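These notes concern the structure reproduced below.
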Amino acid sequence: MVIWDDRILEVLAREGPKAPKELSERDYIHSSPSNISRRLSLMSDHDLVDPVGNGVYQITREGRLYLVGGYDTEIDEKTREIEGEGIYGKDLVKIYVDELQESLFSFL
């Protein structure tokens, strides 16, 4: 994982599904759309993001866990159980709320 991966995941968690071009337009992601596309593909291999079609990706639960320190990409495993020690309640609530919002918006 590189710094841009964290920033890409943060945008996807905050704003929902995006295409590489949209992500490359962020001032704090200094990378080309083609490089972002490659990074998204690699993150998809680790189940941190899912392709939703037309080059657009969304963050997964594992991606959200990674952002709060609960997923190790080097071994492709949760570092802590989702309800276990180390994952704070507020982090779990945020993960669940984000997932609920995405589900609701997909119906609209």
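Quick rundown of the values:
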item	result
Hits in segment 14-43 (condition: among the small types (Gly, Ala, Ser) and free of Cβ contacts under 8 Å to residues at least 12 places away in the same chain)	SER32, SER41
Residue tally, condition acidic (Asp, Glu), in contact with a strand residue (DSSP E or B) (Cβ under 8 Å, 6 or more places away or on another chain) and not in a helix (DSSP H, G or I), over segment 14-62	1
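Since every read-out is calculated from the coordinates, none of them should be taken as a lab result. Since the model is a prediction, treat every value here as computed from it, not as a measurement. Heads up, the Cβs are rebuilt from the backbone with ideal geometry, glycines too, and the neighbour counts pull from every protein chain shown.
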